[in-house]
Amino acid sequence: MHKDPFSLFGLPISLLVHIPTLKERYKELMKDLHPDNFNGEDAFMKRSAEQLSAYANQAYQNLQSPLKCAVEAIKAKGWQVPGANQQTTSDPILLMEMMELQEMNKNGEDIRPFYQDCLLQFEATLQENIEDKAISTYSRLKFIARLLGYS
């Protein structure tokens, strides 16, 4: 089982990943996993290095995307990520906000500040270890990102 991406790169669990540090640690790890380092090793060691390299590549990409980073943070905390197929919510306040944001977006209004605010809210609940708020904020973040066409 692989470490979570934050542990793999020696970073704190956060949406505020310091990208230059991430890049530096990624390069160091990939240098250690270079195939030339495993020339005299058996097939198991070579395959393990290849698998770790593939995992590190994916982890590196995920930590650079706010939505994917949020998912990795939720997992790293040991919390349950809302299902990928979960398209609805039963929270009436969130439903009202979603309808308002959808209407604003449809009318050409800039909803990016709501996205930025949501990122900050998610980070705060993440750092405060408030699981239910972090999960509901993630659902809101995912909805706003979808409206904005972010992945």
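Since every read-out is calculated from the coordinates, none of them should be taken as a lab result. Predicted model, so just to flag it, every value in this text is computed and none were measured. When we count neighbours, we look across all protein chains shown, and the Cβ atoms used for this are built from the backbone with ideal geometry, even at glycine.
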Roughly speaking, what % of Cα-Cα pairs in the range 1-150 are separated by over 22 Å, rounded to a whole number?
49
List the equivalent ellipsoid semi-axes of the range 92-148 in whole Å, largest first, each obtained as the square root of 5λ for an eigenvalue λ of the Cα gyration tensor.
22, 12, 7
Expected 222 nm ellipticity per residue - DSSP helices of 4 or more, -39500 (n - 2.57), all of the chain, to 500
-21500 deg cm²/dmol
Env charge @ Met30, Cβ radius under 13 Å, K,R +1 / D,E -1, value -1
Summed side-chain charge close to Ala59 - residues other than Ala59 whose Cβ falls under 13 Å, Lys, Arg +1, Asp, Glu -1
+3
Note, Lys133: beta-carbon cut-off 12 Å, +1 each Lys/Arg, -1 each Asp/Glu, net -4
Ranking request for peptides 100-108, 139-147: highest mean number of other beta-carbon atoms within 10 Å first, then the rest in descending order.
139-147, 100-108
Give me Val71, Val17, Val81 sorted ascending by neighbouring Cβ count inside 10 Å, so fewest comes first.
Val81, Val71, Val17
Kirkwood hydrodynamic radius (C-alpha pairs) into Stokes-Einstein, the range 22-104, 10 °C and 1.306 mPa s, D in µm²/s
98
